[in-house]
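Participant: Here's a structure for you.
Read-outs: derived from the displayed coordinates by stated rules, not from any lab. Predicted model, so just to flag it, every value in this text is computed and none were measured.
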Amino acid sequence: MSRVIVYHSAYGCDTGCTGHVVEVGDKSRFVFDSPWPPETPREFAERLVREHFGEEHVMDLDWDNCVVEER
């Protein structure tokens, strides 16, 4: 596993449903979730990977050399 991508996105409904997409390799999941202080963007990304793809994927990533952006 080499990278994780987490980005804000819309679910596609007319009511304005938003959340985040987490991509690990060729798999992705949409979640109705957002980081809330005091959770940092990195902690949020780690939590999503852990919850949706498993602890082993969190351990596969080189978090110290990742660029985590909040947009």
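Participant: In deg cm²/dmol and to the nearest 500, what is the mean residue ellipticity at 222 nm of the chain if only DSSP H runs of at least 4 residues count, each as -39500 (n - 2.57), divided by the residue total?
Facilitator: So the helix-based figure for the chain works out to -7500 deg cm²/dmol.
Participant: Right, another one. Could you work out how far helix 41-53 tilts from the main Cα principal axis of the chain, as a 0 to 90 degree angle to the nearest 10?
Facilitator: Tilt relative to the chain: about 90 degrees.
Participant: Largest first and in whole Å, what are the equivalent-ellipsoid semi-axes of the stretch 1-42 based on the Cα gyration tensor, each being the root of 5 times an eigenvalue?
Facilitator: 20, 16, 5
Participant: Which one is right for this structure if volume of the Cα convex hull per residue in Å³ is calculated from it: [x] 76; [y] 52; [z] 89?
Facilitator: [z]
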